[in-house]
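Notes for the one structure printed next.
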């Protein structure tokens, strides 16, 4: 994206506290449209908490989240619940633990994901109960959208299979396809490569890149698999203990000494110098 292109999403001085614990500490970052922005960091860095704040599961203690929506203009998001964020801002997410409807078929999972459109077409069930054309047409459109996504995600052969009976890697693809069925502007993926084998991870890389080029959405990715992060991301934000310690291209972040220290559990150079100085002074005393 051009440097002059305004961000699709801006996070400004976001803080999230749970009692005396600060999970996100004064975080500012931005997300560009048609890019993959990855959030990485050691365990407990605050990555999933950030996702929960951005998708309405948590209300931040302070700070703002602003979206420049292509159709609705400037939206303030930090106070909206998850269902309003999904409907108005079109920010959708997946979870670290797969949350499909296991007894429904794959096709049914994707149709259910379009409930906002179907609910509107049914006039809150009245048109559905009466079988009016507007609802029947919406149902047909929802099924066609689901089938198109199943083809797109190479899942058409699983359309009539119960989602819970599928292999783990296939369920991951179904979960992303279901999120896409709701028409996201920003797709937030929480550990999509978790539990995947190398072949499945490589397929995931291709899929993610195709989403930003073919569908034109922005992807916000939380991921521990650095091979996935470094191959697909245009921008990487690194958290440690809730604070942003680095931001930039994959190459810049990979060589950042603060990032290396956080992952290896080693002190930064400045901390090491101060620690050595303190030890020397203590010994002299």
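The values are calculated or read from the model by the stated rules, or taken from the named source; none is laboratory data. Since we're looking at a predicted model, the values are computed, not measured. Cβ coordinates were reconstructed from backbone atoms using ideal geometry, including for glycine residues, and neighbour counts include every protein chain displayed.
Below are the figures for this structure:
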| item | result |
| --- | --- |
| Residue match in the range 56-73 (condition: in a loop (DSSP other than H, G, I, E, B), in contact (Cβ under 8 Å) with a residue 60 or more places away in the chain and more than 27 Å from residue 147 (Cβ to Cβ)) | no |
| Output for the range 119-138, where each listed residue is closer than 30 Å to residue 172 by Cα and either modelled with pLDDT under 55 or outside the structural domain of residue 171 (by TED's automatic domain parsing) (or both) | 120, 121 |
| Residue list for the range 237-253, filter: surrounded by fewer than 21 Cβ atoms within 10 Å (Cβ to Cβ) and touching a helix residue (DSSP H, G or I) at 6+ places or on another chain (Cβ under 7 Å) | 240, 245, 250 |
| Total residues in the range 206-229, condition over 19 Å from residue 8 (Cβ atoms) and crowded, with 17+ Cβ neighbours inside 10 Å | 5 |
| All positions within the range 205-227 that are modelled with pLDDT under 95, in contact with a helix residue (DSSP H, G or I) (Cβ under 6 Å, 6 or more places away or on another chain) and either on the phi > 0 side of the Ramachandran plot or assigned to a strand (DSSP E or B) (or both) | none |
| Conditions (1) outside the structural domain of residue 225 (by TED's automatic domain parsing); (2) surrounded by fewer than 16 Cβ atoms within 10 Å (Cβ to Cβ): number failed by residue 105 | (2) |
| Filter result (in contact with a strand residue (DSSP E or B) (Cβ under 9 Å, 6 or more places away or on another chain), part of a helix (DSSP H, G or I) and free of Cβ contacts under 8 Å to residues at least 60 places away in the same chain) within the range 151-179 | 158 |
| Qualifying residue in the range 228-238 (condition: outside any helix (DSSP H, G or I) and modelled with pLDDT under 95) | no |
| Qualifying residue in the range 2-19 (condition: more than 21 Å from residue 84 (Cα to Cα), surrounded by fewer than 14 Cβ atoms within 10 Å (Cβ to Cβ) and in contact with a strand residue (DSSP E or B) (Cβ under 9 Å, 6 or more places away or on another chain)) | yes |
| Complete set of residues in the range 181-204 that are at negative phi and part of a loop (DSSP other than H, G, I, E, B) | 182, 184, 185, 192, 193, 194, 196, 197 |
| In the range 81-114, the residues that are within 22 Å of residue 48 (Cβ to Cβ), outside any helix (DSSP H, G or I) and in contact with a strand residue (DSSP E or B) (Cβ under 8 Å, 6 or more places away or on another chain) | 90, 91, 92, 93, 94, 95, 96 |
